Amino acid sequence: MTAASYLIRGASLLGTAAGDLLVRGGIIAAAGENLGPDVVGDATVIDAAGLVALPGLVDLHTHLREPGREDSETVETGTRAAALGGFTAVHAMANSSPVADTAGVVEQVYTLGRESGWVDVRPVGAVTVGLAGKQLAELGAMADSRARVRVFSDDGICVSDPVMMRRALEYVKAFDGVIAQHAQEPRLTEGAQMNEGKVSAVLGLAGWPAVAEESIIARDVLLAQHVGSRLHVCHVSTAGSVEIIRWAKERGINVTAEVTPHHLLLTEELVRSWNPVYKVNPPLRADADVHALRAALADGTIDIVGTDHAPHPSEAKECEWAAAAMGMTGLETALSVVQETMVETGLMSWADVARVTSTAPAAIGQLADQGRPLEVGEPANLVLVDPAARWNVDPAAMATKGRNSPFAGMELPGRVVATFFHGHPTVLDGKLNTPFIHGGN
Amino acid sequence: MRHLLDTESLSRDNAIQILDTAQEMSAVGEREVKKLPALRGRTVVNLFFEDSTRTRISFEAAAKRLSADVINFSAKGSSVSKGESLKDTAQTLEAMSADAVVIRHWASGAPARLATSGWIDAAVINAGDGTHAHPTQALLDAFTMRAHWSQLAGTPSVGGDLAGMRVVIAGDVLHSRVARSNVWLLRTLGAHVTLVAPPTLLPVGVGHWPCEVSYDLDATLDAGVDAIMMLRVQAERMDASFFPSTREYARRWGFDDARLARLDELKLKDTIIMHPGPMNRGLEISSSAADSARSTVLPQVRNGVSVRMAALYLLLSGEMREQATPAPSNAKDNS
């Protein structure tokens with residue numbers, strides 16, 4: 001059976017000039033204006049007039065929950081959600097059960113991803129055994145495994161011991177890895193429930209000070225400079241963190257940073273509702289932080305958008321605020337929130353969106369065939385977005401198992417119409433199509 | 001208004017309606033037959049996730065004086081350790097046709113969650129949640145202050161407020177739901193509030209509250225005060241370095257004998273001393289202050305029953321007026 005081919009007719013490439021893309025054999029086989037029948041052949045035509053074509057989205061920060069918490073999410077359901085959100089690759093965080101701290105577990109997750117076939121699943125390896133912060137995990141074995149791990153993180157827990165962080169940063173230089181830090185000073189955040197400030201004072205919820213994030217980032221950029229290694233800062237949430245990262249980049253320190261969609265849109269004011277769907281780590285911050293994060297993403301101080309997609313079963317949120325789990329789903333809303341906060345505000349072009357959602361995260365994760373230009377010969381990992389569409393967020397209609405979307409009930413712009421993964425449409429007409437089968441669709 | 005959850009969103013109209021109704025209720029407590037038939041056939045559940053004998057028996061007495069049936073549900077620990085969720089507990093009470101749920105909970109916001117989740121139809125009265133709010137305590141404090149303030153002015157207390165009254169609240173503000181509820185209610189009733197505490201026991205963000213903040217109890221007293229409310233301080237806070245020792249705390253922020261004498265020197269003969277109880281004698285308040293003629297500790301307890309009768313009666317009879325305007329600070333911000 002010959003692989004199907006698709007002609008994407010008249011898409012606005014990265015939001016600029018309209019053109020055709022011929023997808024055949026897993027790559028962009030031809031590109032240009034009004035490709036003729038001689039080139040197109042029997043390709044299925046997709047009318048993409050009015051749609052924006054972007055490289056497939058790459059998430060550096062996804063919780064797929066498998067193995068261990070299949071009630072929250074599985075690789076299958078999480079990657080379906082990813083494809084619907086326009087993603088062609090996700091990095092699965094290590095805080096599964098068992099923790100992804102051995103070659104065996106990361107290979108399991110990698111294999112589950114291959115079998116599902118909706119996106120590339122790249123496991124993130126734990127920095128320390130069991131995320132316990134006491135002993136380095138076998139980072140080299142995970143790097144050398146079939147999963148070829150390059151991103152290491154204890155996400156959910158901060159590598160707070162400065163010596164452990166130093167050693168980890170040094171050690172991953174041996175295979176050009178990167179440590180993705182969850183910056184949260186543990187003593188300053190014991191029992192913390194929400195951002196510490198005006199709202200926590202009134203609500204009587206234990207505060208989560210900005211300095212708990214900023215002090216760790218300041219320490220880590222200095223450590224990265226000292227040992228000459230590469231640091232990635234997960235889910236930056238405060239204006240002060242932005243200033244420290246800007247300072248570090250000006251000094252030439254090799255640091256990259258990430259912001260989540262929810263921190264670009266939502267503020268701590270929502271906590272007044274007492275609805276734990278707004279409970280997340282790091283917490284929602286103040287309006288000034290939201291605007292500083294948007295500006296930093298626009299000017300490149302923050303390199304990427306990472307979803308921190310964190311599905312939970314409903315019982316984990318149907319309870320008192322203090323008893324609720326932290327985290328929000330995000331894969332199926334990420335691109336819409338980026339459009340709402342960055343494109344509709346005039347802060348970013350679609351080419352910028354491609355950079356922060358695809359090119360830059362692929363570079364940090366060292367994914368050679370992701371985040372590529374929309375040019376002939378490049379792998380056909382791409383997404384078509386209808387920027388004029390608007391939709392109401394309904395968590396019950398999502399592919400993720402998690403119903404904990406903080407955007408529930410909101411109207412957001414932009415709809416993913418089609419996602420191509422290795423040249424195969426995983427999503428067509430905004431609906432799941434079929435998975436890519438490694439070795440031949 | 002269907003629920004009583006906090007004082008930040010309580011309008012002046014509703015606050016005064018509760019205080020005026022409490023005034024009528026207090027007369028019942030002075031009669032030989034201390035009972036009204038107002039809530040006959042209605043069921044009030046005292047749902048306590050945290051021990052508090054004082055608050056529970058106050059609510060129990062209030063409900064019984066209104067002839068309601070009272071069910072005491074001590075759910076301490078059941079939320080987490082026994083695996084039963086707040087939702088299941090609420091729905092159990094709903095199935096038993098509770099008309100009002102008086103809830104005390106260790107988690108800030110639990111009463112609001114109960115009231116807004118759709119799990120239950122009953123009226124919800126917050127009997128203290130975490131470090132968030134304790135609205136009936138603030139109302140009984142305001143009731144006590146209003147009786148004193150109107151007596152001094154020679155005016156009837158019914159319909160009155162606390163305009164011009166200088167109130168000092170001193171102690172562990174950070175962990176106090178009593179302080180949080182008093183600040184908003186006293187603001188609404190026109191009093192001038194000053195919080196006094198060590199800087200470690202004030203929340204970051206207190207600068208946005210409608211009150212003054214001081215670290216110096218003596219200077220605050222010297223500036224003139226009509227009511228001093230001492231908050232309970234747990235000695236264990238010392239272990240988390242909120243203050244160096246109980247003795248240093250008592251010297252700097254406790255209402256001791258010297259400060260009691262200072263009120264006389266300042267010729268503040270009408271200044272009252274309040275405490276929500278239970279007191280740590282010798283820590284935040286000395287015995288002679290607690291037992292002095294200025295002390296309103298026992299009237300506060302008595303007034304608590306009247307205020308809780310008023311709250312139960314107004315919410316269950318449907319006579320509580322609708323709030324004229326919702327509190328603006330409760331608006332959601334999706335920006």
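Coordinate-derived values only; no laboratory data. These figures come from a predicted structure and were not determined experimentally. Cβ sites come from the backbone with ideal geometry, for glycine too, and all protein chains shown count toward neighbours.
For residue B:34, a cut-off of 14 angstrom between C-alpha atoms picks up these aspartates and glutamates, skipping any fewer than 8 places away in its own chain: B:24, B:60.
Answer with one residue from B:246, B:208, B:143: the one whose Cα lies farthest towards the positive end of the charge dipole of region B:135-297, charges on Cβ with Lys, Arg +1 and Asp, Glu -1. Final value for the positive-end residue is B:143.
Taking 20 °C and 1.002 mPa s as conditions, chain B diffuses translationally at an estimated 105 µm²/s according to Stokes-Einstein applied to its Kirkwood radius (Cα pairs). Inter-part distance, region A:384-436 to region B:1-52, computed on C-alpha centroids, equals 51 Å. Counting Cβ atoms of other protein chains within 10 Å of each residue's Cβ and taking the mean over peptide A:309-322 gives 4. Shielding value for B:98-111 is 3, the average number of Cβ atoms from other chains within 10 Å of each residue's Cβ.
Could you work out the mean count of beta carbons from other protein chains within 10 Å of each residue's beta carbon in A:200-212?
Shielding by partners across A:200-212 averages 6.
Restricting region A:46-89 to GluC sites (Glu not before Pro) that sit in a DSSP loop and have at most 16 other Cβ atoms within 10 Å of their own Cβ leaves A:70. When chain A is described by a simple charge dipole with +1 on each Lys and Arg Cβ and -1 on each Asp and Glu Cβ, the residue from A:83, A:7, A:365 located farthest towards its positive end is A:365. In terms of overall dimensions, the C-alpha atoms belonging to region A:282-441 reach 53, 36, 32 Å along their principal axes, ordered largest to smallest.
Counting Cα-Cα pairs of region B:110-167 in 5 Å increments starting at 0 gives whole-percent bin shares of 4, 16, 20, 14, 11, 12, 11, 8, 3, 1. Take each peptide in A:99-106, B:306-313, count the other Cβ atoms within 10 Å of every residue, and average; sorted highest first, the result is B:306-313, A:99-106.
Would you please state the base-10 log of I(q)/I(0) at q = 0.07, 0.08 1/Å for the protein assembly as shown, with intensities from the Debye formula using one equal scatterer on every alpha carbon? Result of the Debye calculation: -0.60, -0.74. With both labels modelled 7 Å from their Cα along Cα-to-Cβ, the residue B:247 to residue B:213 distance reads 3.0 nm.
Compactness of region B:1-126 was expressed as the Cα radius of gyration divided by 2.2 N^0.38 Å, which yields 1.09. Calculated [222 nm] ellipticity per residue, helices only, for chain B: -11500 deg cm²/dmol; basis is -39500 (n - 2.57) per DSSP H run with n ≥ 4, divided by all residues, nearest 500.
Separation of region A:233-263 and region B:252-322 by C-alpha centroid, Å? If we compute the Cα centre of each part, the gap is 50 Å.
What percentage of all Cα-Cα pairs in chain A are separated by more than 32 Å?
Every Cα pair in chain A considered, those over 32 Å come to 33 percent.
For the residue pairs A:317/A:401; A:198/B:87; A:279/A:317; A:134/A:279, alpha carbon separations beyond 18 Å are given by A:198/B:87; A:134/A:279. If you take all other residues with their beta carbon under 14 Å from the beta carbon of residue A:133, and give Lys and Arg +1 and Asp and Glu -1, the sum is -1. Short-range pairs are left out: with C-alpha atoms under 8 Å and at least six residues apart, the relative contact order of chain A is 19 percent.
Dipole magnitude for the protein assembly as shown: computed about the Cα centre from +1 point charges on Lys and Arg Cβ and -1 point charges on Asp and Glu Cβ, it is near 1780 debye. Shown for B:85, B:287: other C-beta atoms within 10 Å of each C-beta, ranked fewest to most, produce the order B:287, B:85. Only the Cβ atoms of Lys and Arg (+1) and of Asp and Glu (-1) were treated as charged; on that basis the dipole of chain B about its Cα centre amounts to roughly 500 debye. This model, with +1 at the C-beta of Lys and Arg and -1 at the C-beta of Asp and Glu, gives chain A a dipole about its Cα centre of some 480 debye. Relative to one another, the C-alpha centroids of region A:44-120 and region B:237-251 are positioned 52 Å apart. For chain A, the 222 nm mean residue ellipticity estimated from helices alone, with every DSSP H stretch of n ≥ 4 adding -39500 (n - 2.57) and the total spread over all residues, rounds to -7000 deg cm²/dmol.
Region B:157-316 gives an Rg/Rh value of 0.96, both radii derived from C-alpha positions and Rh following Kirkwood. Scanning chain B for DSSP H helices at least 24 Å long along the axis (C-alpha atoms) with a Kyte-Doolittle mean no lower than -1.0 picks out B:12-29, B:135-153, B:297-317. Between the residues B:37, A:345, A:252, the greatest Cα displacement towards the positive end of the dipole of the protein assembly as shown, with unit charges on the Cβ of Lys, Arg, Asp and Glu, is found for B:37.
What order do you get for B:258-270, B:93-105 when each peptide is scored by the mean count of other beta carbon atoms within 10 Å, highest first?
Numbers: B:258-270: 13.6, B:93-105: 20.9.
Ranking, from highest mean packing down: B:93-105, B:258-270.
Taking other C-beta atoms within 10 angstrom as a stand-in for reagent exposure, B:314, A:64 fall in the order B:314, A:64, fewest first. Put simply, when A:194-206, A:286-298 are sorted by average Cβ atoms within 10 angstrom per residue, most first, you get A:194-206, A:286-298.
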